[in-house]
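Structure first, commentary second.
The values are calculated or read from the model by the stated rules, or taken from the named source; none is laboratory data. Everything quoted here is computed from the prediction, not taken from an experiment. Cβ sites come from the backbone with ideal geometry, for glycine too, and all protein chains shown count toward neighbours. Note: accessible area is taken over every heavy atom of the protein model, side chains too, but ligands, DNA and RNA are not part of it. Shrake-Rupley method; radii C 1.70, N 1.55, O 1.52, S 1.80 Å.
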Protein chains: 2
Amino acid sequence: VGEFELLARLRDRLPAEGGHVALGSGDDAAITVPRGAVATSVDALVEGVHFRRSTAPLDAIGHKALATALSDLAAMGAAPGEAYVALGVPGDLDEDGCLEVLDGLLALTRRLGVTLAGGDITASPVLMLAVTVVGYAPVPERFVRRGGAQAGELLVVTGQIGGAAAGLLLLEEARLASALPADVAEGLRERQMRPQPRLEAGQVLAEAGATAMIDISDGLVADARHLAQASGVGLRIDAGALPIATGVAEIALTLGRDPLDLPLGGGEDYELLAALAPEAAGEVLARLEAAGTPATVIGQAVPGEGVKIRGAAGEAMDHAGFDALSR
Amino acid sequence: VGEFELLARLRDRLPAEGGHVALGSGDDAAITVPRGAVATSVDALVEGVHFRRSTAPLDAIGHKALATALSDLAAMGAAPGEAYVALGVPGDLDEDGCLEVLDGLLALTRRLGVTLAGGDITASPVLMLAVTVVGYAPVPERFVRRGGAQAGELLVVTGQIGGAAAGLLLLEEARLASALPADVAEGLRERQMRPQPRLEAGQVLAEAGATAMIDISDGLVADARHLAQASGVGLRIDAGALPIATGVAEIALTLGRDPLDLPLGGGEDYELLAALAPEAAGEVLARLEAAGTPATVIGQAVPGEGVKIRGAAGEAMDHAGFDALSR
């Protein structure tokens, strides 16, 4: 890869300066002039660990690298700002391939109002993307951390869960698709390859006073545990209330697995899990619905610690042993 | 690598919040409250491309990853702020090894007043570090870009050059060391493995009104070309004035190479190249000397374009064909 030539071709695709950005790519550093408080997060995707080029198109890889990073900002309730990308390019990926990766990423920046403001390109034995994202709030207290949930509050999850893990299984074992209508299988694969960071929903939840929030990247139970531990509360999740993505149950059935494995433990859904006061819930759910990201009450915070799953009949279920499917 | 356990052990080593940082590692994102203008840069180091574990100690790898990123901030004249690290960990590097890498990085943060505020850890086929750094200035105009040099201004370079490339040759071919006193050889290897970002010198140059600045990572001539092109001027460099590091000439002699190859084309010195008005030069050089980073006038900006090297006898020299030694 001719680094300078590739950088020049890439720069042609970048938007002009705007928003917080006073100077974009092309100098030693980008210059921004933020007002208020800043949230910053970093996420790296590595070929063979987080994706395979044999199953994911190049633009989807670029999309996912940015989406997973932005999901952390969504979980803070941040308004989107800038992104910076370190791209590791293997010898068998040519300049056009690099641009496909970056085009997938740029398409998402345009849709979400994010500015790609800089980055670095280097040779690498495998395709690698490390994405740093920056988001904003008027004051630091407006950001929603993990540690504010209190007993008695409701637990809300955005969108549907289990779909990304089912999509991964479909990508890895094509025969599983025969259990599903073609459009449902395609939808699940898309969930895996092109997750949608819930930036708008995160801001709605932050404005509505969510007391704790996290994105579900490691699986609902694993991330619920992080939230419970940071908040010093227990969480009770009602299995019957979970908004499980269409087709997930059929995939589990075909594999002879517990139908709750994927929604509870699969991970990579990049939905938001938030705690909020019961009296705020009605209006928040209506606003999320209006914003195009419906959310569901799936349980509540209780005194104590840890995460307990309650089955449809009210019995306690032990789901401590979920395996991480894809990290 | 157990990501959560490693993160917990790493977090124990991080400083408490302070400076611009309202919330450090441990949530979905770090929170900062900047005032004024922000410069952000990203730099990635990949094993086998930028370093080898067979020649560089783990802590030096961590040091260099942060140092090369901070060098870009130094070239803006930024005051140091935060760093964020994406770490790719190969299967043969255990948790203690990861901590050695991070300890090298943390030692540099402490020395320079940088806060390691967040990051990501992932599996990777090779050791990989992508470092994002953030620096500050009161107003965006205080940052020094590449494009402001004007004909008649002086060209200044900090420190000494050629040492990093000579150090790389010494690391790759141990027999070369016999041409040098042991401490000189060790000093050159250190220049390669542990470059010192010129943050303080960069701020002195920015305050003194440097009109254009860049760090010398790609080699003096290559980076001078970037500055010349961005500024729309030509640059004339006097070969006889170059502050060539001790031992570089002996290495070149041993290899039968032109003694100017390493200082002009070797790269990785991470010194600063700046343009400034002749009337400002005297005081700036004195202040840099007092700050422990002497600088040297090596030429000037002239009408026209491109970079010309003038030999000791005043004749023009053609050094267009420098090979990049290590990128």
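When a 1.4 Å probe is rolled over the protein heavy atoms, the share of accessible surface on the protein assembly as shown that falls to carbon and sulfur comes to 50 percent.
Computed over the protein assembly as shown, the P(r) curve from all C-alpha pair distances, binned at 10 Å from the origin, holds 3, 16, 25, 25, 15, 9, 5, 2, 0, 0 percent per bin. Here the protein assembly as shown carries DSSP beta bridges of which approximately 75% are antiparallel, counting only pairs with both residues inside. Work out the length of the dipole vector of the protein assembly as shown about its Cα centre, built from +1 on the beta-carbon of each Lys and Arg and -1 on the beta-carbon of each Asp and Glu, and round it to the nearest 20 debye. In debye, rounded to 20, the protein assembly as shown gives about 780. 3J(HN,Hα) along the stretch B:135-143: x, 10, 8, x, 9, x, 5, 6, 5 Hz, from the Karplus curve 6.51 cos²θ - 1.76 cosθ + 1.60 with θ = phi - 60°, whole Hz, x for Gly and Pro.
Site pair B:A281 and A:E186 shows an inter-label distance of 6.8 nm when each label is modelled 7 Å from Cα along Cα→Cβ. Largest mean-square fluctuation among B:A107, B:A130, B:A39, in a Gaussian network model of chain B whose springs join Cα atoms under 10 Å apart, belongs to B:A107.
Which of the listed residues, A:V131, A:A151, A:I309, is farthest toward the dipole's positive end in chain A, when Lys, Arg count +1 and Asp, Glu count -1 at the beta-carbon? Highest projection toward the positive end goes to A:A151.
For the chain pair A and B, buried accessible area totals roughly 3800 Å², probe 1.4 Å, rounded to the nearest 100.
Label-point distances for A:A241 to the equivalent site in the other copies, using a point 7 angstrom along Cα→C-beta, read 7.4 nm when ranked shortest first.
For a quick check, take a GNM of chain B with Cα springs below 10 Å and name the residue from B:A166, B:A286, B:A245 with the largest mean-square fluctuation. Fluctuation is largest for B:A286. Dipole check for the stretch B:196-261: with +1 at the C-beta of Lys and Arg, -1 at the C-beta of Asp and Glu, and the Cα centre as origin, the magnitude is about 140 Debye. For the stretch B:127-255, the spread of Cα coordinates along the three principal axes comes to 49, 37, 23 Å, biggest extent given first. The value obtained for the stretch B:41-144, namely the Cα convex hull volume divided by the number of residues, is 90 Å³ per residue. All other residues whose Cβ lies under 14 angstrom from that of B:P243 are scored, Lys and Arg at +1 and Asp and Glu at -1, for a net of -2. Simple point charges give the picture: +1 on the Cβ of Lys and Arg, -1 on the Cβ of Asp and Glu, and for chain A a dipole about the Cα centre of about 600 debye.
For chain B, the relative contact order works out to 22 percent when only alpha carbon pairs closer than 8 Å and six or more residues apart are counted. Out of every Cα pair in chain B, what percent are spaced more than 28 Å from each other? Here the tail beyond 28 Å accounts for 42 percent of pairs.
The trypsin sites (Lys or Arg not before Pro) found in the stretch A:223-317 that occupy coil by DSSP, while having at most 13 further C-beta atoms within 10 Å, are A:R257. For chain B, a Gaussian network of Cα nodes joined below 10 Å ranks B:D261, B:D28, B:D238 by mean-square fluctuation, and the top entry is B:D28.
Against the longest principal axis of chain A, how steep is helix A:182-193, in degrees 0 to 90 to the nearest 10, with axes from Cα atoms? With both axes taken from Cα atoms, the answer is about 70 degrees. Per-residue shielding of B:166-173, expressed as the average number of other chain Cβ atoms within 10 Å of the residue Cβ, stands at 0.
Could you give the angle, 0 to 90 degrees to the nearest 10, between helix B:163-172's Cα long axis and the longest principal axis of the Cα atoms of chain B? Taking the Cα atoms of chain B, the angle to B:163-172 is about 60 degrees. At a probe radius of 1.4 angstrom, the accessible area of the protein assembly as shown per residue rounds to 37 square angstrom.
To the nearest whole number, what is the average tally of beta carbon atoms from other chains within 10 Å of the beta carbons of peptide B:115-125? Let's see the in-between values first.
Numbers: counts 0, 0, 2, 6, 6, 11, 1, 9, 6, 10, 8.
Partner Cβ neighbours, averaged per residue: 5.
In percent, rounded to a whole number, the relative contact order of the stretch A:149-252 is 45, using alpha-carbon pairs under 8 Å and six or more apart.
If you restrict to DSSP beta bridges whose two residues both lie in chain B, what percentage is antiparallel, to the nearest 5?
Percent antiparallel among DSSP bridges in chain B is about 70.
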